[in-house]
Amino acid sequence: MSPEETPRVLTDLDDRIARAAPGEGGALWRLAESGRQLDANLVRLPPGASVGEHAENDLDVLLLVVAGDGEMEDGSGGRRALAPKALVWLPRTSRRALRAGPEGLVYLTVHRRRPGMTVGVRPPSAEHAAPGGGSGGEVCDEGGEGPCMLDRVCPACGRLNERVGSGVCERCGEPLPSPEAA
């Protein structure tokens, strides 16, 4: 059995939360083991911070509230209180938004790892077909996982910014983490 196949404790979530700077928002930890089939992130929203309404179109997500409190709004306007040990299933395509309460909100998300992007050559249309009827290109299944959006989550207010590469939070103006740091 290789080290990657050996069960092991990865981190202590309470310790990660305690070691974070007071009021620090964003990802406090993430699963980064090579060869994994899952992605997981420990995220803290400072008091009153929110993650705007959005949907994950490809993956179901489990969200476990670890500390603090807040609420989740579903896409139809329904609201659910969130408290420690609440386990929420977010089916793919479901709309949701999160808002931290006065204590802030710390939660763990877990989902299947995003599939690698497919890089290849598009087969030509009929008018551009290769001589002899061949397609002229082959699809190659190489690439990485889908882009991570942690560099778009404001560490100060927890907002997921809509624009890629803006460098600052659209709500509070705080600098965003660099993509390399996310």
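Values quoted throughout were computed directly from the atomic coordinates according to the rules given, and no laboratory measurement underlies them. Given the structure is predicted, the values throughout are model-derived calculations rather than measurements. Cβ coordinates were reconstructed from backbone atoms using ideal geometry, including for glycine residues, and neighbour counts include every protein chain displayed.
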- prompt: Rg and Dmax of the stretch 43-98 over Cα atoms: what are they, in angstrom?
  reply: 10.9, 30
query: What order, most packed first, do the peptides 170-176, 41-47 have when packing is the mean number of other Cβ atoms within 10 Å of each residue?
result: 41-47, 170-176
- line: Yeah, the stretch 10-106 with a ≥ b ≥ c from its alpha-carbon gyration tensor (a/c under 1.5 is rounded, else prolate when a/b outruns b/c, oblate otherwise) is oblate
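Mind checking the alpha-carbon convex hull of the stretch 69-117 and giving the volume per residue in Å³? Write down the numbers at each step before the final one.
Numbers: hull volume 4.8 nm³, N = 49.
Once divided by residue count, the hull of the stretch 69-117 is 98 Å³.
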